[in-house]
Amino acid sequence: MAEEGDLVRFAEIEASFGVTACLPTFFSSPERTIANLKRALEKTDDLKKCPSVLGFRLEAPYISKTGAGHLEDLAPISPETTCALYEVSQGKIRIWDVSPEKENAIEFIEFATSKGIVTSLAHTSATVEEVKRAIEAGLSLVTHFYDTFDLPVETDPGVYPAGLTDYIQIEDRLTVEIVADGVHVHPHLVEKTLRCKGLDRVIFVTDSQLGAGYPPGIHTLPNGERVEITPDRGARRLSNGELFGSAITQLQSFRNAINLFGRTIPEASRLCSRTPAKVLGLSGKGYLAEGMDADIIVLDKDLNVRHTIIGGRIAYSCCRSQA
């Protein structure tokens, strides 16, 4: 995404899968992120060439565990690093992930919130009390809920343990993201979360990396990583078999809401469009009504994208189906 021209191409491809607004996400060290942000803004005339790109998301470096990333992508939380990243982004960071147990996390959350940045709980081993303090400081989102969260530990023999994920289920101040591929999170847990949180506090996401949309099989990604994309759209490292994100598109996430998780088209639209827009404070996006931005996708009966309209202009038009 950070190479010349890639962000424009990224936006074009996303439009082909019905995406009218997005936040390209960086998972890299502060130094690499600064360089990539500079390049992305320079090559797109401060995003003017990419009207669907509303800004950026930083999943690293302020997290405690890497998941599919690398340890060198992580860094301590410091005012100097925070200011350097914020300034080079020209105020275009919209979501910033954090593990609340890290030193200086609360001060960081307060700063980010004061700048209008949504802070998201991610890759964490935090206690419930640490998360409560983070919420009081402004934390409002949970990154790919369940994934990279610790399982509850039995401390009293015979007593069923409750952990952080159980608390998040009943915390109305938190909206949660769920990877909607049916692999990362068991469908029973997805259903439980939808019933506990409601459609206004759940967002279906992809957690897809460079292999999004690739067919099943073994692939070498542009970053050199060798992965196997399974028929259920999971992506696993060949080196150790662990999940390496998913390979679904947001179009497939929308379809899964209907076909895998039994929601209606309007309900799927809330999970994939209206609730994300609400979290970001986008008053003109997320649903169709007079006066709203003319961001529209036209689907056929099989939920294939026929047209994608962004800001009243056709960004994509196609007569063939997509995977």
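Odds and ends about this structure:
- Exactly one residue out of THR165, THR143 is within 19 Å of ALA126 (Cβ to Cβ), crowded, with 20+ Cβ neighbours inside 10 Å and of a type in the set (Ser, Thr, Tyr), and it is THR143.
- Residues that are surrounded by fewer than 18 Cβ atoms within 10 Å (Cβ to Cβ), free of Cβ contacts under 8 Å to residues at least 40 places away in the same chain and more than 23 Å from LEU54 (Cβ to Cβ), drawn from the range 68-114: HIS70, LEU71, PRO76, SER78, PRO79, GLU80, GLU101, GLU103, ASN104, GLU107, GLU110
- Counted residues, the range 178-196 - those being touching a residue at least 12 places away in the same chain (Cβ under 8 Å) and either closer than 16 Å to GLU242 by Cβ or surrounded by fewer than 22 Cβ atoms within 10 Å (Cβ to Cβ) (or both): 13
- Residues being among the small types (Gly, Ala, Ser), in contact with a strand residue (DSSP E or B) (Cβ under 8 Å, 6 or more places away or on another chain) and closer than 22 Å to CYS22 by Cβ are entirely absent from the range 213-227.
- Screening the range 216-248 for residues that are modelled with pLDDT of 80 or more and aliphatic (A, V, I, L, M) and picking the one that is surrounded by the most Cβ atoms within 10 Å (Cβ to Cβ) gives ILE248.
Condition check ((1) among the charged types (D, E, K, R); (2) closer than 29 Å to ALA268 by Cα; (3) assigned to a loop (DSSP other than H, G, I, E, B); (4) in contact with a strand residue (DSSP E or B) (Cβ under 9 Å, 6 or more places away or on another chain)) across all residues:
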{"position": "LEU7", "(1), (2), (3), (4)": "no, yes, no, yes"}
{"position": "ARG32", "(1), (2), (3), (4)": "yes, no, no, yes"}
{"position": "ALA40", "(1), (2), (3), (4)": "no, no, no, yes"}
{"position": "ILE63", "(1), (2), (3), (4)": "no, no, yes, yes"}
{"position": "THR81", "(1), (2), (3), (4)": "no, no, no, no"}
{"position": "ALA84", "(1), (2), (3), (4)": "no, no, no, no"}
{"position": "ARG94", "(1), (2), (3), (4)": "yes, yes, no, yes"}
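- Figure legend. Inter-residue proximity from the range 40-51: first residues modelled with pLDDT of 90 or more, second residues surrounded by fewer than 17 Cβ atoms within 10 Å (Cβ to Cβ) and part of a loop (DSSP other than H, G, I, E, B), beta-carbon distance below 6 Å, spacing 6+ or different chains. Indicated pairs: PRO51/GLY311.
This table checks each residue for (1) farther than 30 Å from VAL298 by Cβ; (2) not in a loop (DSSP other than H, G, I, E, B).
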site: ASP181; (1), (2): no, no
site: GLY224; (1), (2): yes, no
site: VAL227; (1), (2): yes, yes
site: ALA235; (1), (2): no, yes
site: ARG255; (1), (2): no, yes
site: GLY262; (1), (2): no, no
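- Selection from the range 267-320 of residues that are buried (at least 19 other Cβ atoms within 10 Å of the Cβ) and of a type in the set (Gly, Ala, Ser): ALA268, SER269, SER273, ALA277, GLY286, ALA315
The values are calculated or read from the model by the stated rules, or taken from the named source; none is laboratory data. Owing to the predicted nature of the structure, the values given are computational and were not obtained by experimental measurement. Because the Cβ atoms are built from the backbone with ideal geometry, glycine has one as well, and the counts that use them run over all protein chains shown.
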